[in-house]
Structures are given as C-alpha cells and as structure tokens.
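Trainee: For reference, the structure I am asking about is given below.
The values are calculated or read from the model by the stated rules, or taken from the named source; none is laboratory data. Model, not experiment: these values are computed from the prediction. So basically every Cβ, Gly included, is an ideal-geometry build from the backbone, and we count neighbours across all protein chains shown.
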Amino acid sequence: MSFNSMELMICLAARNLEDNSIVVVGTGGPCAAAMLAQKTVAPNLNILFEAGGLGPELPSMPISVGDSRTFHRAIAATSMPEIMETCQRGMVDYTFLGGAQLDMYGNINSTMIGTDHSKPKVRMPGSGGANDLGSLCWKTMVMTVHNAKRFVKKCDFITTPGYLTGPGAREAAGLPPGTGPFKVITDLCVMGYDKDTCRMQVESIHHGVTKQQIIENTEFELLWAKEIKETAPPTELELKILREQVDPLNYVIGRAG
Amino acid sequence: MTNLKIKDNPDLFVKPDVNGMREYFRNKPLKMVNKVTTVKEAVEKYVKDGDYLGVGGFGASRIPAAVLHEIVRQKKKNLGLSGHTATHDMQILAAGDCFNRCDIAYVVGLEARGLSKTSRKAFESGKVKAVEWSNAALAWRYKAAAMGIPFMPSRILLGTDTAKYSAFETITCPYTGMKLAALPALFPDIAIVHVHRADVYGNCQVDGIMISDSDLVRASKRVIVTTERLIPHELIRENSDRTVIPYFCVDAVIEVPYGSYPGNMAGEYFSDEDHLQEWLEAEKTDESLKKFLDKYIYGVKDFNEYLYLCGGIEKLRKLRNQEYLIDTNK
C-alpha cells in the first residue's frame, strides 16, 4: 500500500504513544497521531488541549486547539491554567511540538528568523504553549519534514528548551529534572537522543532513504545508533484507520506530497 | 500609584502594583446595578488610547469580535496588547493599527489557517515593541493578578531566548532552593470578553472551556462583557454553579448575538472558515485590505450590519448546523 510522508510520520508518531498515558497535542499531524493511537496501540490514551479540552471524543480534526471539537464529549472542559498546571505537576507524559528550526539538542525556534529581535526578518507566532509544554511534559516529540534549513547548527532564537547546551543544562536552568526531548520523526528517519551527550541520534531510516540523504539534509553532525534499523512502514490497518476514521476529509494527510 | 518601590524595567509594560490595585478595586463601582449599554458607548467610555488590553477567548474561539471591530472603528491608538493566543483578534487590531506594544505568547498566526500579513508587518517593521512570554506565562500572570499577589513562581521559560527577551526575574525558592521564574502579576487596564449568558448586572455564565478568562476579568481594571444572550437574574441564581464571572468585576454588558463571529462559539456556531480566509486574502495588498476594512468595519454602523454583509441568518444557520455536526446533505 503506498502512502505519503505525512501519513508515514503520523503512523510512526502514533506508535510512540503508550496506552494509558496522557498527551497534550496541537492541531494537525500531532492530533492525527494521537487520534490514530487511540484507535490502535493506545485505546486509553488521554488527549489534552492547552486551551482547556480534557479527554474529548474527537468527532473530527479540530481546526484550533481552542475550538469546540477539542472538548466534544470530553471528560472535562477546563481552562488553560488547569492544563498547564497538570503539566507542571508532572502528570503529562507526552507533548508534540513543531518549529521552523531545531538544533542537535532538540532546542526549537518558533519565534523569529533573523538576528535583531526588535526588527526580525520573519516574525513567527512565538512560544504559544510550546515553551510551557517543552519545559514541563516528560517527553517531547517533534514531527517535521527533514531539511538543512530546519535542522540547523544554531537556532536564530531558542523559543522552547530542548537539552539546551547538553547534559545537565536543563536542570541547571531550573527546568524539572527528567524532562526533555524524546523523539524526532521526519520524512527521512526516526531520531532519539544519545543519553551521554543529549545529542540527536538516528535510530531508524525509512525505506528507500540513504544515510547520505539524511546527512545532506541536516546542517549539524548527527549521531548514529549502533544498530540502525529500517523503519517499519505503516501497516494497511493503520492507513485504513487514518484515512477512513481519523482524517476522512484529508485535512492533514492531504498536506503532504 | 502607591508607595511600593517597584523595580524599573522598560520591558514590563504593566507594573505588578498589588497595593495600588487594591485601592483601585476598593474604589471601583461595585454596586449590583444595570450595566447594559451599547458596544459603541462601552468602547468610548472604557477604552482609552494607550490602554493595556487583554482579550478573552482563544484567538478565533469565543472572542469579543464586536468590541474588537468597534475599537478599530473608533481608531483607538497605541494600545498595549496581551498577545495571549492572539490570532484573529490580533489580526483585527493590527488591521486598525491599534497597538504599539505587545506581550507575546502567540501572535501573527491563525493556527493552521495561515499567517496574518498585517500582524507580521507590525512586528517586522519594528513598529510594535515585542516582549516574549508563553501561553502559561500570561495565563499565570493573570492568575497572580487575580490572586492579588505580585508574582507567580513557575518552572517555565527558563534557559531559553524566550527568557532573554522577556521581562521576568528569577528567584530562589525559600523552601527548596530551586530556581524559579517569578512571573509578574499582569493587571490589564481593560479586558474584553464574550460569554454565552449574562444578566444585566454582569453575572456571566460560559459553556465549555474558560481558557484564561476567569483570571483575566479578575485581574483587569475595567471589563467589557458581550453576551450571546441576556438572561433574567433569576436564571443566574437557579444555576449558580455555572456562574464564572461575578457582577462586581464587570463594568459594561452588551447583548451581541453571534458576537464571536467569525470565531467559534461552543454549542452555538462554528467558525466561518471561508470568511477567515477572506480576511487573510484581503491582507495581501494595502489596497485590498483598505477596501475590505471599508466594507466590513468602517462602512458599517455596528456588528449586526457586518453579520448581514457576511450572509446574515442563513450563513449563521449553516454555522450552527456545523457546530452541531449536522450534515443536511446526508
């Protein structure tokens, strides 16, 4: 069965969500991944939205993390402080974040491109809830297309903390211990982080992708796991559920080529 | 305002003057009287050039669109803006060139819908002074203000450039020795929110998520509430567990049916995605934006005329179907 890169990333992200865990998601790919996980590997996954939706039965893909779908038949319709405080208490396992730039420690830029903050070349939305979620949730995941403009040596601006400058830096800055980047899922490979150096490390490569291709599309030097597997492709069942139940209107999976 | 010596920081647009605010709140008209007015009068009376503004809802969900339009129509200038999930609300205010400083959590974008060119230009031109925060940071700054304390300790922002371009201090926890971000209380001059139900005194009920509105209205000096419908005071008392804003926080109440349009209103109507796209399209050139604003904001006398231009009852009926997940074609 053929599939596009967005479908691939969503299926791989879904497999990384454990049953009975709690995840804060935004709209788009991450939300699709969480919905797919609920219908496959994690039927008891609890989805939270930062505007206050807690445990909805999502009838369709939300357009906004604050729209009424995000608390449709929910366990509770709460508030932003309630969701963020749940994260700060240590009760939220996962979050998914995106951004324009990512460095080897998983630091994320979603604020600006350029060097002058008072007059940025490109102004982007900023943290939104990203800094909060990346600071407070146990495991942060990123789903993104893989190219050298995105995977950079140095972010123009660190909006959200990854491992900052390496081992111990998060804790030294005052962030809760034991938290941080977990997986990066791209259209080329799946990466994790090396325990000793906190640097991004390739774990599996997608079918048809070469190591060279990944190197060329990453500005910084990647680490490579001892045993690099070929990524298990999406199954027919995963794709069927994704296309028929999660995103029948092609709202998210239609975005990739 | 008081004898409190507050650390000077030009990036801190609003000082956490808790004693001054106690005096202010003490002297605020706190009587339970009829506060029903019009959007025009409320904006004339309560929104002043240079004020610091907090907007309720979530960008394009449960937003006080009628008041935002009126702020543009009355050409209010040099506002400070709390950019807490500011999406379509910011787009409206940017189109009117209404603000010159912004505490940023989320700005410029309309989530998956795209980026507002006008909002982007406001920052990229250097015209708007930007200070960085996050959604939780602004939510907790409102909360500290609502609690009447000068700051809220938290474990966010630390170690990043967001912190470098922010305006908070760090402190050492007196109990644990931990390093914490001390988020300064944020007391807006004016808050504008849209709710489902209110009585004439300003007691308000909301269906669904509150986002940060509970704290925003308690933190603000003046509060304008628009409501989908006015209900008798008796109904507030009969369902008192649903009351989320008490009258004494509120200065003005205006009944504005479909007041969150083109935003979503939980249980009432879904967002009008076509019209939101029309907004984004209109922003492509100065000329098209001017034409768009002349048609929809400057050229109408009130929000009702805008709703009529956008398709009136028939459009709103469709959005209600959409909200209820009713597909009339099936």
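Trainee: Which fully enclosed helices (runs of 4 or more DSSP H) of region B:131-250 have 2 or more residues being farther than 30 Å from B:Thr37 by Cβ and without any contact (Cβ under 8 Å) to a residue 60 or more places away in the chain?
Mentor: B:135-147, B:161-164
Trainee: Residue check, A:Asp116 against (1) in contact with a helix residue (DSSP H, G or I) (Cβ under 9 Å, 6 or more places away or on another chain); (2) at the interface with chain B (Cβ under 10 Å from one of its Cβ atoms); (3) assigned to a loop (DSSP other than H, G, I, E, B); (4) not hydrophobic (A, V, I, L, M, F, W, C), all met but one. Which one?
Mentor: The number of the failed condition is (1).
Trainee: Determine which single condition B:Tyr52 fails, assuming it passes every other condition in (1) within 11 Å of chain A (Cβ to nearest Cβ); (2) surrounded by 20 or more Cβ atoms within 10 Å (Cβ to Cβ).
Mentor: Of everything listed in (1) within 11 Å of chain A (Cβ to nearest Cβ); (2) surrounded by 20 or more Cβ atoms within 10 Å (Cβ to Cβ), B:Tyr52 misses just condition (1).
Trainee: Which of the residues spanning region A:23-42 are hydroxyl-bearing (Ser, Thr, Tyr) and closer than 15 Å to A:Ile253 by Cβ?
Mentor: A:Thr27
Trainee: Among the numbered criteria (1) touching a strand residue (DSSP E or B) at 6+ places or on another chain (Cβ under 7 Å); (2) in contact (Cβ under 8 Å) with a residue 60 or more places away in the chain, which single criterion is violated by A:Leu36?
Mentor: (1)
Trainee: Moving on to the next point. Would you check which residues across region B:142-169 are within 20 Å of A:Ala169 (Cβ to Cβ), exposed (fewer than 15 other Cβ atoms within 10 Å of the Cβ) and in contact with a strand residue (DSSP E or B) (Cβ under 7 Å, 6 or more places away or on another chain) and list them?
Mentor: Matches in region B:142-169: none.
Trainee: Are any residues in region B:257-294 part of a helix (DSSP H, G or I) and either touching a helix residue (DSSP H, G or I) at 6+ places or on another chain (Cβ under 7 Å) or among the β-branched types (Val, Ile, Thr) (or both), and if so, which ones?
Mentor: Once the filter is applied, which keeps residues that are part of a helix (DSSP H, G or I) and either touching a helix residue (DSSP H, G or I) at 6+ places or on another chain (Cβ under 7 Å) or among the β-branched types (Val, Ile, Thr) (or both), region B:257-294 yields B:Leu276, B:Trp279, B:Ala282, B:Ser288, B:Leu289, B:Phe292, B:Leu293.
Trainee: Moving to a separate point now. Please list, ordered by residue number, the helices (runs of 4 or more DSSP H) wholly in region A:163-257 having 3 or more residues that are within 30 Å of A:Met1 (Cβ to Cβ).
Mentor: Per the criteria, A:211-216, A:236-241.
Trainee: Go through region B:55-92 residue by residue and tally those that are touching a residue at least 60 places away in the same chain (Cβ under 8 Å) and within 13 Å of another protein chain (Cβ to nearest Cβ).
Mentor: 14
Trainee: Can I ask one more? Which residue out of A:Gly178, A:Gly162 is within 14 Å of chain B (Cβ to nearest Cβ) and crowded, with 18+ Cβ neighbours inside 10 Å?
Mentor: A:Gly162
Trainee: Among the residues of region A:80-109, write down those that are touching a helix residue (DSSP H, G or I) at 6+ places or on another chain (Cβ under 7 Å) and among the aromatic types (Phe, Trp, Tyr).
Mentor: Result: A:Phe96, single match.
Trainee: So which of B:Ala105, B:Ala136, B:Ala145, B:Ala95 is closer than 17 Å to B:Leu186 by Cβ, more than 9 Å from chain A (Cβ to nearest Cβ) and of a type in the set (A, V, I, L, M, F, W, C)?
Mentor: Going through B:Ala105, B:Ala136, B:Ala145, B:Ala95 in turn, the sole match is B:Ala145.
Trainee: For residues that are free of Cβ contacts under 8 Å to residues at least 40 places away in the same chain and basic (Lys, Arg), scanning just region B:251-297, find the one that is nearest to the other protein chains (Cβ to nearest Cβ).
Mentor: Looking at the filtered set, the residue picked out is B:Lys290.
Trainee: Looking at region B:243-278 only, could you name the residues that are under 21 Å from B:Arg120 (Cβ atoms) and either surrounded by fewer than 23 Cβ atoms within 10 Å (Cβ to Cβ) or modelled with pLDDT under 95 (or both)?
Mentor: Within region B:243-278, B:Glu273, B:His275, B:Leu276, B:Gln277, B:Glu278 meet the criteria.
Trainee: Another one. Can you name the residue in region A:30-63 that is touching a Lys or Arg at 6+ places or on another chain (Cβ under 8 Å) and of a type in the set (A, V, I, L, M) and is also surrounded by the fewest Cβ atoms within 10 Å (Cβ to Cβ) among such residues?
Mentor: A:Val41
Trainee: Could you identify the single residue in A:Lys154, A:Lys211, A:Lys183 that is over 25 Å from A:Ala14 (Cβ atoms), under 20 Å from the mean Cα position of the chain (by Cα) and at pLDDT 95 or above?
Mentor: Just a single option satisfies the conditions, and that option is A:Lys154.
Trainee: Which pairs turn up if I take residues in region A:69-80 that are within 7 Å of another protein chain (Cβ to nearest Cβ) and look for partners that are part of a helix (DSSP H, G or I) with beta carbon separation below 6 Å, at least 6 apart in sequence or on another chain?
Mentor: From region A:69-80, the pairs are A:Ala77/A:Phe71; A:Met80/B:Ala139.
Trainee: From the set of residues in region B:191-209 that are surrounded by fewer than 24 Cβ atoms within 10 Å (Cβ to Cβ) and either among the hydrophobic types (A, V, I, L, M, F, W, C) or within 14 Å of chain A (Cβ to nearest Cβ) (or both), which is nearest to A:Ala77 (Cα to Cα)?
Mentor: B:Asp207
Trainee: Here's another thing I want to ask about it. Check off (1) closer than 24 Å to A:Leu97 by Cβ; (2) surrounded by fewer than 17 Cβ atoms within 10 Å (Cβ to Cβ) for A:Cys198 and give me the number that stays unchecked.
Mentor: All conditions pass for A:Cys198, except number (2).
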